[in-house]
1. What is the spin-label model distance, in nm, from residue 235 to residue 326 if the labels are put 7 Å beyond Cα along the C-beta direction?
2. At 1.002 mPa s and 20 °C, plugging the Kirkwood radius over alpha-carbon pairs of segment 50-145 into Stokes-Einstein gives what diffusion coefficient in µm²/s?
3. Give the share of C-alpha pairs in each 5 angstrom bin for segment 14-69, from 0 to the last occupied bin, in whole percents, shortest bins first.
4. Kindly identify segment 126-257 as rounded, prolate or oblate by the Cα gyration tensor criterion: order the square roots of the eigenvalues as a ≥ b ≥ c, call it rounded if a/c is under 1.5, otherwise compare a/b with b/c, prolate if a/b is larger, else oblate.
5. Given just the C-alpha atoms of segment 298-381, how large is their convex hull per residue in cubic angstrom?
6. Just the number, please: carbon plus sulfur as a percent of the accessible area of segment 271-381, 1.4 Å probe, no ligands or DNA/RNA counted.
7. Convert each backbone phi in segment 78-93 into a coupling constant with the Karplus relation 6.51 cos²θ - 1.76 cosθ + 1.60 (shift: θ = phi - 60°), then list the ³J(HN,Hα) values in order as whole Hz, x for Gly and Pro.
8. Quick check: at a probe of 1.4 Å, how many percent of the accessible area of segment 106-260 sits on carbon and sulfur atoms?
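The values are calculated or read from the model by the stated rules, or taken from the named source; none is laboratory data. What you see is a predicted model; the values in this text were computed from it and never measured. Counting neighbours? That spans all protein chains shown, and the Cβs are built from the backbone with ideal geometry, glycine included. Remember, those area values only see protein heavy atoms, side chains included, never the ligands or the DNA or RNA. Shrake-Rupley method; radii C 1.70, N 1.55, O 1.52, S 1.80 Å.
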Amino acid sequence: MSANNEEMVVTPWEVRGKIDYEKLTREFGTQPLTPELLERIQKLTGTLHPQLERRIFFSHRDLDWILQRYEAGEKFILYTGRGPSGPVHIGHIIPWIFTKYLQDKFGATLYFQMTDDEKFLYHDDFNLSEPKKWAYENSLDIIALGFDPKKTKIIMDTKNMGVMYDLAIQIAKRMTYSTVKAVFGFQESTNIGMLFYPAVQAVPAFLESFLTGKNVPCLIPAAIDQDPYWRVTRDVAPKLGFYKPAQIHCRFVPGLGRGGKMSASMPETSVFTVDNPDVAEKKIMSAFTGGRSTVEEQRRMGANPDICSVYSYDYFLFMDQKEIENLRYNCMAGNIMCGECKRTLAERVKKFLVEHQERREKAKDQFEKFLFDPKDVQSTI
Ligand code: TRP
């Protein structure tokens, strides 16, 4: 059975099947991004990011509320994160690129959580050095994307737990076993670290408020699979006197294979930021497309961009509106063949990788500057 016919499963640990985003919005009880909201963002920021225009970010909670606060002169913080269990692939950086746009436009401080603890607890075969190593490696990718060092605080859970712990236990005290069991599907055999972990992922949403003693609104840009965490986080917020964090949710980037999201556990269908550009090119040249079995047939009948992994890359990252509209038209009309399309994408991905890898090298010297230091927060009060 192909991935596309499988039942849809979306949890923080597993995403499979054909994703129906409207159904997800209904099931998770989130709100769609309406044209009115987009217009409001455009007014405030002067531009509309392509990821909003294309509904790569497609749903939210309380975004209207946070914009209203902002319009009234109240700043918010941004919070996102990464579970460091392996190299970063191009799919991962999509919400981070968007987060940087939000940071630039709203002048917001960003808390970026590296959950080395979560990945240690989750993977049976990990010892602690593994996720710690990836936390460092993945941080270089974050820094390489150009976040503002003065406004970006990377939290390393195992390193920063000292400051986080007072808050974590206050949150944990208000989350019950029956709630996290129901929300995350925990089993009798689940280790108790995993049961506590949802409290840890809630911490950065409130950390600035906690440390400054001033209630600060928080907006979380993240893929929709993280939503269960925000549901339990929002539940405890009023019990601790904090605002409920707002969210804006994005889709998953498809892998280069047939159906399914890009996943680090399928290296042949993922482009990693540290891939040798020639290796990335090979992956793209053997990607699954929406083409026909012969050139003649494709010229006559056109191809199908909606199932094509190459098209989705162009759509998610590499083409502007005009280019993507042209490509869509020419693909469906049979004017362009898959080989040509793959070559265009491969060139762009290679260029991106070369530049990213250069910035990533430079990030090594900047790493310390990005690490969360509670003293910096307290000194801004
Ligand atoms: N649990 C996330 C993961 O496995 C990591 C994470 C922590 C995160 N805090 C976050 C992701 C906030 C998005 C937003 O990838």
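1. Using points 7 Å along Cα→Cβ, the separation is 5.2 nm.
2. Details: Rh = 15.1 Å.
In µm²/s, the coefficient is 142.
3. Result returned by the calculation: 4, 17, 25, 25, 14, 9, 5, 1.
4. Working: a/c = 1.35, a/b = 1.12, b/c = 1.21.
Rounded, because the longest to shortest axis ratio a/c is under 1.5.
5. About 136 Å³ per residue, rounded to a whole number.
6. 51 percent
7. 9, 9, 8, x, 8, x, x, 10, x, x, 7, 10, 4, x, 4, 7
8. 52 percent
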